[in-house]
1. In the range 108-117, is there at least one residue being more than 15 Å from the ligand (Cβ to nearest atom) and without any contact (Cβ under 8 Å) to a residue 12 or more places away in the chain?
2. Do any strands (runs of 3 or more DSSP E) lying entirely in the range 72-183 carry at least 1 residues that are of a type in the set (S, T, N, Q), and which ones are they?
3. If you take the residues of the range 96-106 that are without any contact (Cβ under 8 Å) to a residue 60 or more places away in the chain and either touching a helix residue (DSSP H, G or I) at 6+ places or on another chain (Cβ under 9 Å) or open to solvent by less than 50 Å² (accessible area, probe 1.4 Å) (or both), which of them is farthest from residue 182 (Cα to Cα)?
4. Would you mind telling me which numbered condition in (1) over 13 Å from the mean Cα position of the chain (by Cα); (2) within 16 Å of the ligand (Cβ to nearest atom); (3) not hydrophobic (A, V, I, L, M, F, W, C) residue 128 fails?
5. Just name the residue that is least open to solvent (accessible area, probe 1.4 Å) out of those in the range 149-183 that are touching a residue at least 60 places away in the same chain (Cβ under 8 Å) and at positive phi.
6. Counting just the residues of the range 135-148 that are open to solvent by less than 20 Å² (accessible area, probe 1.4 Å) and small (Gly, Ala, Ser), which one comes out modelled with the lowest pLDDT?
7. Would you check if there is a residue in the range 140-154 being touching a Phe, Trp or Tyr at 6+ places or on another chain (Cβ under 7 Å), aromatic (Phe, Trp, Tyr) and more than 10 Å from the ligand (Cβ to nearest atom)?
8. Any chance you could count how many residues in the range 59-71 are part of a strand (DSSP E or B), open to solvent by 10 Å² or more (accessible area, probe 1.4 Å) and within 15 Å of residue 142 (Cβ to Cβ)?
Amino acid sequence: GTVEGTSEGETGVRRRDFIEIAAVSAAGVGGLAVLYPLISQMAPSKDVLAESTTEIDLSAIETGQAIKAVFRKQPVFVRNLTEREIAEADAVPLSALRDPQTLEERTKEGRTNWLITMGVCTHLGCVPLGAAEGENRGEYGGYFCPCHGSHYDTAARIRKGPAPLNLEVPEYEFTSDTTVVLG
Ligand code: FES
């Protein structure tokens with residue numbers, strides 16, 4: 001992390017590519033096969049599919065990179081924060097936040113570098129863009145919603161624009177140091 005911290009922002013060279021991965025897991029299929037006869041009588045099939053679990057392999061997401069997974073048919077952002085981004089998030093006083101939460105409260109098990117949020121703007125539901133480094137970094141460095149200009153910071157907390165709340169943190173757990181299961 002510290003190496004990136006010295007160069008980012010100055011050169012704009014470091015990539016913050018947003019790699020889209022439709023990480024729909026097959027892991028939930030077996031369980032669904034068992035549950036389906038029970039659930040199908042209560043709910044339409046799309047809701048059954050919506051219960052699927054998504055497993056995310058973190059090992060391919062380098063520091064400063066992010067992926068977009070799909071969970072319950074909605075985008076989920078998984079970002080591996082740099083030390084600089086963590087420091088920026090920690091430096092913001094809660095009194096400056098519309099929806100006050102610390103980065104630690106928005107992450108799990110003290111792994112504050114793994115920021116996992118829904119990719120759904122809390123204003124009217126557009127998919128925000130990950131802020132790039134360099135010129136396109138934006139004022140707050142996290143996410144920017146192109147629909148009506150909501151800015152989210154490096155902890156995906158709403159900082160500016162019409163959105164009322166931080167990007168939602170979905171239910172998830174670490175099943176190993178490199179694996180997260182949503183739901
Ligand atoms: Fe994101 Fe309106 S939907 S700012």
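The values are calculated or read from the model by the stated rules, or taken from the named source; none is laboratory data. Since the structure is predicted, the reported quantities are computational estimates derived from the model, not experimental observations. For neighbour counting, all protein chains shown are included, and Cβ atoms are generated from backbone atoms with ideal geometry for every residue, glycine included. These accessible areas exclude ligands, DNA and RNA; they are computed on the full protein's heavy atoms, side chains included. Shrake-Rupley method; radii C 1.70, N 1.55, O 1.52, S 1.80 Å.
1. The answer is yes, given that some residue of the range 108-117 is more than 15 Å from the ligand (Cβ to nearest atom) and without any contact (Cβ under 8 Å) to a residue 12 or more places away in the chain.
2. Strands (runs of 3 or more DSSP E) meeting the threshold: 74-80, 114-118, 150-153, 172-176, 179-182.
3. Checking each candidate, the answer is 100.
4. Result: residue 128 fails condition (1) only.
5. Residue satisfying both the conditions and the ranking: 156.
6. Once the filter is applied, the top-ranked residue is 141.
7. Yes; the residues of the range 140-154 include at least one that is touching a Phe, Trp or Tyr at 6+ places or on another chain (Cβ under 7 Å), aromatic (Phe, Trp, Tyr) and more than 10 Å from the ligand (Cβ to nearest atom).
8. Residues meeting the conditions: 1.
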